[in-house]
Structure formats: structure tokens, C-alpha cells
1. Rounded to the nearest 0.05, what FRET efficiency do Ile224 and Thr136 give with R0 = 22 Å and r taken as the Cβ-Cβ distance? Could you check?
2. Would you mind calculating the relative contact order of the chain from Cα pairs under 8 angstrom and at least 6 residues apart, reporting the percent as a whole number?
3. If I model a spin label at Asn168 and Ile211 as a point 7 Å from the Cα along the Cα→Cβ vector, what separation in nanometres do I get?
4. I need to check one value: relative contact order of segment 127-187, counting alpha carbon pairs closer than 8 Å and at least 6 residues apart, in percent.
5. Using only DSSP helix segments of four residues or longer, with each worth -39500 (n - 2.57), what per-residue ellipticity at 222 nm results for the chain after dividing by its residue count and rounding to 500?
6. Among Gly233, Gly163, Leu70, which residue has its Cα positioned farthest towards the positive end of the charge dipole of the chain, with +1 placed on the Cβ of Lys and Arg, -1 on the Cβ of Asp and Glu, and the dipole taken about the Cα centre?
7. Could you check how many percent of all C-alpha pairs in the chain are farther apart than 35 Å?
8. What's the FRET efficiency of Ala248 with Ala189 using the Cβ-Cβ distance as r and R₀ = 22 Å, to the nearest 0.05?
Amino acid sequence: MTARRAAAAFLAVAAHAGPAGAQSPGGARDWLVELKRQNTGRGTADESTRTQVKIERALAGPFAFARLELPFPDADTDFEGDAFEPRPGDVKARLAFRAVKIGGRAYTSYVELAFPTADPESLGTGKFQWQAGARTRGSLGAGPAGTQASTSLQASQAVSFGGDAARNDTNLTKFEWDWRLDHPAGHYAKAVAKPSIDWVQGGKTGAVGEIEGGWAVSRDWTLILLGGGLLWGEGVGGTYGRRLEIKASFRF
């Protein structure tokens, strides 16, 4: 499946899925479009310097949203890269579910499928990848200047299938633990630890740490800046040496 066909199929489904629910006073904003520029050094197969477009559609019923990620990795895969030489990457489609309560805690979840659409294949994993994950968030109370503090934990499992038999398989358990401050104006700051267990490498572990800040320019626009680096386990799936990322997201 090409990136263009995957995008067309996603947009056709999302456009007919219906809004998430009742409109807000200012009108519903069911769509999100995000442009990201990510410079990554010493990353694994799916962690490289790239430009990426994300399209997200809020859904109704048991579903929270559907998401399509269209990555365009640079032909030059080092940290500096070359934004003027993008190539098609592995397209990802995600379906997220609304929160359910288990043992008094609310959990959200998702399923995701990645397609080996990278051209050349060396800029992707070369295989289909199936991933599923769940997240729970808890309040840490009020912070300074009217902010609200929270923490969340996510666990996910990614496995590969099909594709190029000569390429490495993926069997990766990933965790994300974040601490976040949200400002009433929509700004936020958070710190994230992302440890993972690579079962293809015999259970070897690795982790990256990230600091992220978001500035709500307006009701619709948000600018995000992220910096990250390796904590331990170079070469473990999902890790990288260093990262600098800037994103602009628009809701409508």
C-alpha cells in the first residue's frame, strides 16, 4: 500500500465517521493537522531526521479519534539531515478509544498499524508493524500560577510481520512516564521518560528522556518545542542519541 492510498483510505473513513459529540460554544473543532520537523542523531530504524504531517479526526461512540501519520525522512539520515531532500516514509494509522474505568481508574487505549511504504526501503523498517497501548493519567493537584500538575503512564507493545524477510523483526515493549504542567491559557510543559525492552535483542533495555513545552498562540494554533537524549541502551528499538523537534498544530 502506498502512502497516497493509505492517506486516501483514512480520510474517507474519518470524514464520514461523524463528530465527537455536542459542539462547544465556539463550534466543534474535530480536526487536527500538525506539521513537525524532527532532527535525530544515532536513531534506530524508525527514529530518524524527518518532516512529518499528522492528520487527526475526532470520532463518535466508543472511539476517541483516528490518526494518520505521513513521515518524510531525509535522504541524509544524520542529525543535520537535509529538509530539501525528503523521501516517503512508513505510514502509520492509529485508532484511539475513549476512556474506560478499571478499578476506579480511567484508561485510554489505542491500536496502530504501520505500513512499509518507505522509498527507499532503508528509510523505514521494511515490515508491517502492529502496536497496541493503554494510558492512565492522575492529577497531582494545583501548581504555580494557576497551573494544574498531572502524571501519566503508558505501556505499549509493538510487533512486526510480513514485509522484507531480510530486515530485522520488531518485538518491543515500550513505556512512557510523564510529568506535566498545564496553564489555563493552554500552554504546557512536560518531562517524559521512555524506557523500552527489545525482545529481539534478548530483552535488552534502553531509554530516552525528553523535555517538551507548548505555547497556545491562539485558540486554534499551538507551537511545541522538544529536546531529547539517550539515557541508556544505545541501539535498542525506539531509542536515539539526541533529538530537537519543533511542531505547529492547528485545530479546526
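1. That gives a FRET efficiency of 0.45.
2. Relative contact order of the chain: 16 percent.
3. With each label point 7 Å from Cα toward Cβ, the separation is 2.9 nm.
4. Across segment 127-187, relative contact order equals 37 percent.
5. -1500 deg cm²/dmol
6. In the chain, that residue is Leu70.
7. Here the long-distance tail beyond 35 Å is 13 percent of all Cα pairs in the chain.
8. That pair, Ala248 with Ala189, gives E of 0.80.
Throughout, read-outs are computed from the coordinates displayed, never taken from laboratory work. Since the model is a prediction, treat every value here as computed from it, not as a measurement. We place every Cβ from the backbone using ideal geometry, glycine too, and count neighbours over all the protein chains shown.
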